[in-house]
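The values are calculated or read from the model by the stated rules, or taken from the named source; none is laboratory data. What you see is a predicted model; the values in this text were computed from it and never measured. Cβ placement follows ideal geometry from the backbone for every residue including glycine, while neighbour counts extend to all protein chains displayed.
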Amino acid sequence: MYFLILLGIFRIQPIPKKQPETRFDRHSSFSRARCALPVRELGCGRARIGLRDGLQSIATVVSTTHKIEWINAAYAAGLREMEVGSFVPARLLPQLADTADVLAHAKTLAGLFASVLVPNYKGAELALDRGAGLMVVPLSASHAHSLANLRKTPDEVVAEVARIRALRDAGGHHTLIEGGVGTAFGCTLQGEVAESEVLRLMQALLDAGADRVSLADTVGYADPASVYRLFDKARALVGERLWCAHFHDTRGMGLANAYAAWQVGIVRFDACLAGIGGCPHAPGASGNVTTEDLVFMLERMGVSTGIDVSAVLALRQRAAGWLSGETLHGTLWRSGLPRAFAPIGPVTAEGAV
């Protein structure tokens, strides 16, 4: 999901009720849902559906067949950018052991931009061999979290990105590289993370060869004011190469934070169906922003996402059966769509990149 709305508590602007000429059309971004069944899914340009981030943090192992059904349904709902898995050892994350097969299917869907997470050089080799459209290399701005999650310091991850870029270029591959800067707003292990360190690492990733970067509130510490401030600084530093925002709803501010980022100009967001997800090495962190709630909020504001929220709700109902026993989140599924609700525009197959 890629529609982040900046709520900067100091500059919220009311949305005119009936002025269609002022509606924003950012479908190309929002349709890029990193669709990892609990992965990056729906969003204005990119919205995960939970296939990677969502599924990696739960005990249930969803079958490959059901993951493919998940992708197909998300695609039919209008998602055109999905994160479908991660190339990590199966012994560490058995939930994602079938990433190669899931990616192969995703590549058969016209106009779908499929991405994967790669924690290291070996994962990048696999992503390149399998022809992923994008590989996301995670980096934690928190030194403590970086060591717990990747067993590397942040600067060692930057050096790894340089090696991955050299590997890609030497092989003539077209897979894009995204450096995902996590714990950008603080860390449960380390505490405060300085904005200056986050910005330094963003620039270092680009200098090392990343094509783009993103910012993540891994543990749910962010608030709308801090989101606006950091994303505003990041945009000033790297411009359009700041590609995506990733928020967790740990303390109930996920949508507000997305709104704040959107006001800064971010149009791609990570989100998960039913708000599943988390991080094994971030104690206390809960799920991601709920895809269906984010899409509804944006459409209700007059933002064209190109995503059929009714179809997403139907997918949630199906997925609930595959995730029996897991805690699902969100509010729209309980209340339903307002009687007068109408989507902004039709779903299109516009490219996500």
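Values for this structure:
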quantity	calculated
Qualifying residue in the range 95-113 (condition: under 24 Å from A320 (Cα atoms), surrounded by fewer than 24 Cβ atoms within 10 Å (Cβ to Cβ) and of a type in the set (D, E, K, R))	yes
Filter result (closer than 17 Å to E69 by Cα and assigned to a loop (DSSP other than H, G, I, E, B)) within the range 309-327	L323, S324
Test: residue in the range 63-82 that is part of a loop (DSSP other than H, G, I, E, B), surrounded by fewer than 22 Cβ atoms within 10 Å (Cβ to Cβ) and of a type outside the set (D, E, K, R)	yes
Residue in the range 147-165 that is at pLDDT below 95 and either under 21 Å from E83 (Cβ atoms) or within 16 Å of the chain's Cα centre (by Cα) (or both) present	yes
Residue satisfying condition, being free of Cβ contacts under 8 Å to residues at least 40 places away in the same chain, among the hydroxyl-bearing types (S, T, Y) and within 26 Å of L255 (Cβ to Cβ), within set Y221, Y228	Y221
Leading residue by the ranking (modelled with the lowest pLDDT) among those in the range 192-229 that are of a type in the set (S, T, Y) and assigned to a loop (DSSP other than H, G, I, E, B)	T218
Answer residue from the range 328-342, given it is surrounded by 13 or more Cβ atoms within 10 Å (Cβ to Cβ) and in contact with a Ser or Thr (Cβ under 8 Å, 6 or more places away or on another chain) and is farthest from T65 (Cα to Cα) among those	L337
Selection status of T65, closer than 21 Å to A320 by Cβ, of a type in the set (S, T, N, Q) and over 18 Å from the mean Cα position of the chain (by Cα)	yes
Scope the range 42-80; condition modelled with pLDDT under 90 and farther than 18 Å from I276 by Cβ; matching residues	C44, G45
Residues within the range 156-204 that are over 28 Å from A225 (Cα atoms) and either exposed (fewer than 15 other Cβ atoms within 10 Å of the Cβ) or free of Cβ contacts under 8 Å to residues at least 60 places away in the same chain (or both), tallied	21
